[in-house]
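What follows is one structure encoded as structure tokens, with my remarks underneath.
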Amino acid sequence: MKKPATVGDAHARYRRACDYLAAAMIYLQDNVLLREPLMAAHLKPRLLGHWGTCPGITLIYVALNRLIRRTGQRTLLVTGPGHGAPAVHANLWLEGTHADYDPALSRDGAGLAELVRRFSWPGGFPSHLSPEVPGVIHEGGELGYALSTAAGAALDDPGLLVACIVGDGEAETGPTAASWQSTAFLDPATSGTVLPVLHMNGSKISSPTVYGCLDESELVAYFHGQGWSPVIVDATGTDNQDTLVLDAMDSAYAEIVALRERTRNRTPPAHLRWPMIVLRSPKGMGVPAHDVDGTPLEGTFHAHQVPLDDVHDDPGQLALLERWLRSYQPDELFDADGRPAADLLALPPDGEHRLGAVPQANGGTLRRDLPLPPVEPFAVDVPRPGAAQAGPTTVLAGWLAQLMRSTEDRRDFRIVCPDELRSNKMDAVLDATDRAFTRPVPDFAEHVAPDGRVLEVLS
């Protein structure tokens, strides 16, 4: 259990604070800042949570915070490994978004104690992310859908950056495998940009991940073929994680800015490849290297959920838990009243640029009514039973085509469907818009354009 080498660095201190809070949420119900020796009575009766992905999520969150402060980039975060909820809650508390929505979660000792108590607690926060959490639009209890959710969030919002954390276990699912093709449907001139971050900590609950066993050349070849330009970051075996990830984020963003400029001037390269980040980091980074019996923890699947799960009954495990929690040096990070140090509060962005406060993530903030056409002009005249011939989907297509025309400038209505418009006799929709597709197509393709608003994706 190493003391971070960059203790004086603000980003490392911020991560220490978040990692401490995340671990405290999993284990503690009292004595949340360890102002007295840790006792079994301070522990939650049932330990529920997932530690393994939390340090990596915060490593990415901190890099996004710095990018937003430096560039002013509007950014939405979709977190695929939603079982790493403690990391997100810790960041939401430090940036002040939690307190904005619930004053009981104030950034002081009382609010910190309430934050820790509520996690995985009846009437509190669930163990996985869910949409009632500020800044969250993705249900974190089922893996596979984060990348497609991120692509949907980017549609028709030019200038928005949607960062999407994809766990290497989640990346094995069928939905995620298909979602790597989402760039084929995102028009840079009319939509935002998705920045995937494949977080590879190497293990699922109890076995290695497929992606974690690939070497760098295999990863580059795979994602290059999927239409991405991967930036590989290896944060294992180093005390310089922050600099590595910050540099990778800057590099990816510079590439995004350059590609946006080219594509919005309609001069894209023949095979457009957007940047993504592939981040290797130890699973459960910061946890003790071994438990009291010598079982390896950090960097192994044993850190996936609750690394020390017998702390109620094993004094040795309880003592090891206390040493682990104190290794984050909470007394350096929080004052006597439990308030975070000033340098920690200075790191997150301000106002609606905070990842938890971005309007695109908070339900209803940007919602507006569609200009629905009246249905009467589309009514089928039936003078007597059986006297008219009409198909319901054909009539519906005319109404939908009119809605497409009415929203052409607003671009807040789309049709997402399998490759079935024609077979369902809804061709009239394609008189008002095209099928969205950004890749080069054969000369005989019909009704296909980058700015089309019909997404035909087989399912």
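Just so it is clear, none of the values below were taken in a lab; they were calculated from the coordinates. Just so it is clear, the model here is predicted, and its values are computed rather than measured. Please note: Cβ atoms are built from the backbone with ideal geometry, for glycine as well, and neighbour counts cover all protein chains shown.
Details
- Here LYS283 is the anchor, and the aspartates and glutamates within straight C-alpha reach of less than 14 Å, apart from those fewer than 8 places off in the same chain, are ASP19, ASP168, ASP234, GLU298.
- Label corresponding to Cα extents along the principal axes in Å when calculated from the structure given, among (i) 84, 50, 38; (ii) 66, 51, 42; (iii) 63, 60, 43: (i)
- Taking Cβ atoms as reference points and 12 Å as the exclusive limit, the residues near MET39 contribute a net charge of -3, counting Lys and Arg as +1 and Asp and Glu as -1.
- In the range 10-361, a dipole from Cβ-located charges (positive for Lys and Arg, negative for Asp and Glu) runs towards its positive end, and of PHE119, HIS138, SER281 it is HIS138 whose Cα lies farthest in that direction.
- If you wrap the range 16-98 in the convex hull of its Cα atoms and look at it from every side, the mean projected area works out to 6.2 nm².
- Under the span-like rule (Cα at least 20 Å along the axis, Kyte-Doolittle mean at least -1.0), DSSP H helices of the chain: 10-27, 54-71, 241-264, 392-406
- The order of ASP381, ASP291, ASP250, going from fewest to most other C-beta atoms within 10 Å of their C-beta, is ASP381, ASP250, ASP291.
- Cα centre as origin, Lys/Arg/Asp/Glu Cβ charges: the chain dipole, Debye: 600
- Across the options THR407, THR394, PHE334, the greatest Cα extent toward the positive end of the charge dipole of the range 292-410 (unit charges at beta carbon of Lys, Arg, Asp, Glu) belongs to THR394.
- Ranked TRP180, TRP93, criterion: other C-beta atoms within 10 Å, fewest first: TRP180, TRP93
- Length-normalised contact order for the range 379-428 - Cα pairs under 8 Å, 6+ apart - percent: 44
- Applying the Karplus relation 6.51 cos²θ - 1.76 cosθ + 1.60 with θ = phi - 60° to the range 287-293 yields 3J(HN,Hα) values of 5, x, 5, 9, 7, 5, 9 Hz, where x marks Gly and Pro.
- The Cβ shell under 13 Å around VAL311 holds other residues with a net charge of -3, Lys and Arg each +1, Asp and Glu each -1.
- Applying the Karplus relation 6.51 cos²θ - 1.76 cosθ + 1.60 with θ = phi - 60° to the range 411-428 yields 3J(HN,Hα) values of 6, 10, 9, 9, 10, 10, 7, x, 7, 9, 4, 5, 5, 9, 6, 10, 4, 4 Hz, where x marks Gly and Pro.
- Protection-proxy order for peptides 274-283, 398-407, each taking the mean of Cβ atoms within 10 Å per residue, highest first: 274-283, 398-407
- Rounded to 5, percent antiparallel among DSSP beta bridges of the chain: 10
- Relative packing of peptides 57-70, 222-235 - highest average C-beta neighbours within 10 Å first: 57-70, 222-235
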